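Asks: I am attaching a structure below and will ask some questions about it afterwards.
The values are calculated or read from the model by the stated rules, or taken from the named source; none is laboratory data. Only a predicted model underlies this, so the values are computations on that prediction, with no experimental measurement involved. Positions of Cβ are backbone-derived with ideal geometry, glycine not excepted, and every protein chain shown enters the neighbour counts. These accessible areas exclude ligands, DNA and RNA; they are computed on the full protein's heavy atoms, side chains included. Shrake-Rupley method; radii C 1.70, N 1.55, O 1.52, S 1.80 Å.
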Amino acid sequence: MSFNISFKPQSSFELIRCGRDFDGGYLLTKKTIKETDILVSFGILDDCSFEDEFLKINPIKALCYDHTVNNSYWKKRFFNDLGASIYNFNFKFFKNTLTRYFQFKKFFKSPTNFLKIETIKKGSLRSIITENNLKKKIFLKVDIEGSEYRILDDILTYQDKLSGAVIEFHDVDINKKIISKFIGDFDLILTHIHPNNFGGVDEFGDPLVIEMTFEKNPEINNKEFLLPNEFDQPNNPNNNDIILKFEQ
């Protein structure tokens, strides 16, 4: 089995990596970042590296939403990770947690970066756009562990307001037709696709989780189109990246 050709970008683009190494970084063009007026991010957990690097290139307002990072999240995280570090005699693990925490607190200390403890569902995007009087040139990041399918229709409704979007699709084996239809209905250009090897593969060796980048006015280059891209990295560095196969 393989992916429909609609899943494959049709040109080579001037992509950069935005976000940390391995899991948490996405590829897009710097041109799109610079042409964005506001960043709306669905799904943060403990990693705001994508948002942080995006805003270093273009210091705009960021609206972030995640229902998991409530007041008790970091307390539980510290307790569990410290216990695991002691048990495994590996305090580097806990040190990494502290680093994430201080990066997280520093990012949301900025008066232009907002975190709302909110579950994203159908209608959420409409409410956010209306309540914040968002006009155009919104960049949307969607990493909400399967709930992305609940808001695809809303994304299409407001696609004229978007400068770009990165979307992580889950359970791809049972949702290929839905994703393919979304790609066809979405006016933005597919500029990148990457398999998330944390999600594993189906019986045919195709990834169960993929990350896709869409942009309104991406910068095209004259290089040969290659997958994986030179800036791609496996989400799980302990395993090889998954090779994508496309229909001829």
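Asks: Taking 8 Å as the Cα distance limit and 6 or more residues as the minimum spacing, I'd like the relative contact order of the range 119-247 as a percentage.
Replies: Reported as a whole number, the value is 22 percent.
Asks: Turning to a different aspect of this structure: Take Phe182, Phe22, Phe78 and sort them by solvent-accessible surface of the protein heavy atoms, 1.4 Å probe, largest at the top.
Replies: These residues rank, largest area first, as Phe22, Phe78, Phe182.
Asks: Restricting to DSSP H runs of at least four residues, report the calculated mean residue ellipticity at 222 nm for the chain, -39500 (n - 2.57) per run over all residues, nearest 500 deg cm²/dmol.
Replies: Computed ellipticity for the chain at 222 nm equals -9500 deg cm²/dmol.
Asks: Further question on the same structure: So what is the relative contact order for the chain, in percent, with contacts set as C-alpha pairs under 8 Å and at least six apart?
Replies: That works out to 28 percent.
Asks: Still on this structure, I have one more. If you take the square roots of the eigenvalues of the alpha-carbon gyration tensor of the chain and sort them as a ≥ b ≥ c, do you get rounded (a/c under 1.5), prolate (a/b over b/c) or oblate?
Replies: oblate
Asks: What does the charge add up to near Cys64, with Lys and Arg as +1, Asp and Glu as -1, over the other residues with Cβ less than 12 Å from its Cβ?
Replies: It works out to a net charge of -3.
Asks: Still on this structure, please answer the following. Treating only the Cβ of Lys, Arg, Asp and Glu as charged (+1, +1, -1, -1), what charge dipole size does the range 148-208 show about its Cα centre? Round to the nearest 20 debye.
Replies: So the dipole magnitude of the range 148-208 works out to roughly 120 debye.
Asks: With a/c under 1.5 counting as rounded, go ahead and sort the range 137-248 into rounded, prolate or oblate using the C-alpha gyration tensor (a ≥ b ≥ c being the square roots of the eigenvalues; past the cut-off, prolate if a/b is larger than b/c, else oblate).
Replies: On the way: a/c = 1.72, a/b = 1.23, b/c = 1.40.
Judged from the Cα gyration tensor, the range 137-248 comes out oblate (a/c at least 1.5, b/c at or above a/b).
Asks: If you don't mind, another one. Among Phe104, Thr119, Leu28, flag the residue with its Cα farthest along the positive direction of the charge dipole of the range 14-125, charges on Cβ as +1 for Lys/Arg and -1 for Asp/Glu.
Replies: Comparing the listed Cα positions along the dipole, Phe104 ranks first.
Asks: Quick one: if the Förster radius is 45 Å, what FRET efficiency do Asn90 and Ile178 give, using the C-beta to C-beta distance and rounding to 0.05?
Replies: 0.65
Asks: Could you calculate the FRET efficiency of Gln248 with Phe102 from 1/(1 + (r/R0)^6), where r is the beta carbon distance between them and R0 is 35 Å, rounded to 0.05?
Replies: 0.10
Asks: What does the charge count around Cys48 come to, taking other residues whose C-beta lies under 11 Å from its C-beta (Lys +1, Arg +1, Asp -1, Glu -1)? Numbers along the way, then the final one.
Replies: On the way: positive: Arg20, Arg100, Lys105, Lys106, Lys141; negative: Asp46, Asp47, Glu51, Asp52, Glu53, Asp66.
Here the charged neighbours net out to -1.
Asks: If I model a spin label at Asn238 and Glu131 as a point 7 Å from the Cα along the Cα→Cβ vector, what separation in nanometres do I get?
Replies: About 3.9 nm separates the two model spin labels.
Asks: Please compute the per residue accessible area over the range 90-230 with all protein chains in place, 1.4 Å probe, rounded to a whole number of Å².
Replies: Accessible area per residue: 54 Å².
Asks: Let me ask you something else. Among Met212, Ser180, Leu162, whose Cα projects farthest towards the positive end of the dipole of the range 101-248, with charges put on the beta-carbon of Lys, Arg (+1) and Asp, Glu (-1)?
Replies: Of Met212, Ser180, Leu162, it is Leu162.
Asks: Please give, to one decimal in nm, the separation of the simple spin-label points placed at Glu224 and Asn70, each 7 Å out from Cα toward the Cβ.
Replies: 5.3
Asks: Would you mind working out the magnitude of the charge dipole of the chain relative to its Cα centre, with +1 at each Lys and Arg C-beta and -1 at each Asp and Glu C-beta, to the nearest 20 Debye?
Replies: Values: 33 positive and 36 negative charges, 225 e Å.
For this selection, approximately 1080 debye.
Asks: Taking the Cα centre as origin and putting +1 on Lys and Arg beta-carbons and -1 on Asp and Glu beta-carbons, what dipole magnitude results for the range 80-142, to the nearest 20 debye?
Replies: It works out to roughly 360 debye.
Asks: Note down the net charge around Gly123, summing +1 for each Lys or Arg and -1 for each Asp or Glu among other residues with Cβ under 11 Å from its Cβ.
Replies: Net charge around Gly123: +2.
Asks: Pairs Lys56/Lys176; Lys76/Lys121; Lys56/Lys141; Lys31/Lys92: which exceed 28 Å Cα-Cα?
Replies: Lys56/Lys176; Lys31/Lys92
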